[in-house]
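Peer 1: After the structure tokens below, expect a handful of questions from me.
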Amino acid sequence: MARIFVTGSTDGLGLANARTLINAGHEVLLHARTSERATALNHLAPQAAGIVIGDLASAAETRKLAGQVNKHGRMDAIIHNAGIYLSPQRIATPEGHSRTFAVNVFAPYILTALIERPDRLIYVSSGMHHGSTGDLQDIDWTQRRWDADAAYSESKLYVSALSAVVARYWPTVLSNSVDPGWVPTKMGGPGAPDDLAMGHDTQSWLAVSNDPAALVSGNYWHHRRQLTPAREVTDPDFQDRLTDKLAELTGITLF
């Protein structure tokens, strides 16, 4: 039995992961953005290890969320599932950051740094990261005209690179990123063509499986298959420049 924390577990792939892992007998710590959103977990809460509350768009709340998780004890695995898809405009967080960037990149970075180190880390990415330029000069979209597709694609490039740099610096932790595919969740929309079950399967598998194929690190996955990510993801120089930038913006060092 493993102890797993799943961010964004009130709906979509996060909820599917939580339900699958609980049904398999694991202890799952659930996460909701607000207490109101947590009511969506009423049916699952009695079987879970608990629910932690925090808006990942807020750096302050994300820090407090890390503290809540640590109070529950060390996790064996963490699935960084929560994310924002296509925001029609640059919505500023309480700290003034792009909400897309804050939830998709800042939050996983802060939580990775502040939560007691688990054995496994899984970061949800997207195949759209291949279309990104990886503009570290304007990582927070303060200078460019807002482009929802580009902002989302960049955020997934960054979180994939974060997964890879964690694997490089923390050799005792299995750290991987996953493209779940375009699946029919609230985020993906009802017309999404991919299989919802396969969309969350790889994350759960990487979190708990003792299959030798799952006991690897630094890889990018889709439906239990290793794929080749964008060049920047595996470039040590890009990884280090990214984490240096995130450390500068958050005031938190990861390594």
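Peer 1: Taking the stated definitions as given, is Glu61 out of contact with any strand residue (DSSP E or B) (no Cβ under 7 Å at 6 or more places or on another chain) and buried (at least 24 other Cβ atoms within 10 Å of the Cβ)? Please lay out each step first, then the result.
Peer 2: Working: out of contact with any strand residue (DSSP E or B) (no Cβ under 7 Å at 6 or more places or on another chain): yes; buried (at least 24 other Cβ atoms within 10 Å of the Cβ): no.
Considered against the rule, which asks whether it is out of contact with any strand residue (DSSP E or B) (no Cβ under 7 Å at 6 or more places or on another chain) and buried (at least 24 other Cβ atoms within 10 Å of the Cβ), Glu61 comes out as no.
Peer 1: Here's something else I'd like to know. Looking at (1) of a type outside the set (Ser, Thr, Tyr); (2) part of a strand (DSSP E or B); (3) over 11 Å from the mean Cα position of the chain (by Cα), which one does Lys64 not meet, given that it meets all the others?
Peer 2: Of everything listed in (1) of a type outside the set (Ser, Thr, Tyr); (2) part of a strand (DSSP E or B); (3) over 11 Å from the mean Cα position of the chain (by Cα), Lys64 misses just condition (2).
Peer 1: From the list Pro108, Pro88, which residue is touching a strand residue (DSSP E or B) at 6+ places or on another chain (Cβ under 7 Å) and more than 21 Å from Glu27 (Cβ to Cβ)?
Peer 2: Details: Pro88 fails: touching a strand residue (DSSP E or B) at 6+ places or on another chain (Cβ under 7 Å).
Criteria check complete, one pass: Pro108.
Peer 1: Here is a further query. Ala213 - would you say it is surrounded by 15 or more Cβ atoms within 10 Å (Cβ to Cβ), of a type in the set (A, V, I, L, M) and modelled with pLDDT of 95 or more? Please lay out each step first, then the result.
Peer 2: Numbers: surrounded by 15 or more Cβ atoms within 10 Å (Cβ to Cβ): no; of a type in the set (A, V, I, L, M): yes; modelled with pLDDT of 95 or more: yes.
No.
Here's the yes/no breakdown for (1) at pLDDT below 95; (2) in contact with a strand residue (DSSP E or B) (Cβ under 9 Å, 6 or more places away or on another chain); (3) of a type outside the set (Asp, Glu); (4) not in a loop (DSSP other than H, G, I, E, B):
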residue: Arg117; (1), (2), (3), (4): no, no, yes, no
residue: Tyr123; (1), (2), (3), (4): no, yes, yes, yes
residue: Gln137; (1), (2), (3), (4): yes, no, yes, yes
residue: Arg145; (1), (2), (3), (4): no, no, yes, no
residue: Tyr152; (1), (2), (3), (4): no, no, yes, yes
residue: Lys156; (1), (2), (3), (4): no, yes, yes, yes
residue: Ser163; (1), (2), (3), (4): no, yes, yes, yes
residue: Val166; (1), (2), (3), (4): no, yes, yes, yes
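Peer 1: Condition first: assigned to a helix (DSSP H, G or I), charged (D, E, K, R) and closer than 19 Å to Leu206 by Cβ. Now tell me which residues in segment 11-45 satisfy that. Full working, then the answer.
Peer 2: Kept after step one, since they are assigned to a helix (DSSP H, G or I), are these residues of segment 11-45: 12-23, 35-41, 45.
If we keep only those that are charged (D, E, K, R) as well, we get 19, 36-37.
Selection gives Arg19 alone.
Peer 1: Okay, moving on. Could you pull out the residue among Ile51, Ile84 that is touching a Ser or Thr at 6+ places or on another chain (Cβ under 7 Å), farther than 19 Å from Ala113 by Cα and either in contact (Cβ under 8 Å) with a residue 60 or more places away in the chain or not in a helix (DSSP H, G or I) (or both)?
Peer 2: Numbers: Ile51 fails: touching a Ser or Thr at 6+ places or on another chain (Cβ under 7 Å).
Only one candidate qualifies: Ile84.
Peer 1: Is it true that Leu29 is buried (at least 20 other Cβ atoms within 10 Å of the Cβ) and touching a His at 6+ places or on another chain (Cβ under 7 Å)?
Peer 2: Yes.
Table: residues versus (1) surrounded by fewer than 19 Cβ atoms within 10 Å (Cβ to Cβ); (2) within 21 Å of Ala2 (Cα to Cα); (3) touching a helix residue (DSSP H, G or I) at 6+ places or on another chain (Cβ under 6 Å); (4) modelled with pLDDT of 95 or more.
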position	(1), (2), (3), (4)
Asp195	yes, no, no, no
Ser209	yes, yes, no, yes
Asn219	no, no, no, yes
Thr228	yes, no, no, yes
Ile252	yes, no, yes, yes
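Peer 1: Looking only at segment 68-79, decide whether some residue is assigned to a loop (DSSP other than H, G, I, E, B) and buried (at least 18 other Cβ atoms within 10 Å of the Cβ). Explain how you work it out, then say what you get.
Peer 2: Filtering segment 68-79 for residues assigned to a loop (DSSP other than H, G, I, E, B) gives 72-76.
From the residues that got through so far, the ones that are buried (at least 18 other Cβ atoms within 10 Å of the Cβ) too are 75.
Checking segment 68-79: at least one residue is assigned to a loop (DSSP other than H, G, I, E, B) and buried (at least 18 other Cβ atoms within 10 Å of the Cβ).
Peer 1: Can you spot a residue in segment 91-105 that is at negative phi, of a type in the set (Lys, Arg) and either over 15 Å from the mean Cα position of the chain (by Cα) or not in a helix (DSSP H, G or I) (or both)? Break it down stepwise before answering.
Peer 2: So the first thing to find is which residues in segment 91-105 are at negative phi, and the list is 91-95, 97-105.
Now drop any that are not of a type in the set (Lys, Arg), which leaves 99.
Still in the running and either over 15 Å from the mean Cα position of the chain (by Cα) or not in a helix (DSSP H, G or I) (or both): none.
Among the residues of segment 91-105, not one is at negative phi, of a type in the set (Lys, Arg) and either over 15 Å from the mean Cα position of the chain (by Cα) or not in a helix (DSSP H, G or I) (or both), which makes the answer no.
Peer 1: Tell me whether segment 93-106 contains one or more residues that are in contact with a Leu (Cβ under 7 Å, 6 or more places away or on another chain) and either farther than 19 Å from Gly14 by Cα or free of Cβ contacts under 8 Å to residues at least 24 places away in the same chain (or both).
Peer 2: No, segment 93-106 contains no residue that is in contact with a Leu (Cβ under 7 Å, 6 or more places away or on another chain) and either farther than 19 Å from Gly14 by Cα or free of Cβ contacts under 8 Å to residues at least 24 places away in the same chain (or both).
The values are calculated or read from the model by the stated rules, or taken from the named source; none is laboratory data. Because the structure is a prediction, the values reported are computed rather than measured. When we count neighbours, we look across all protein chains shown, and the Cβ atoms used for this are built from the backbone with ideal geometry, even at glycine.
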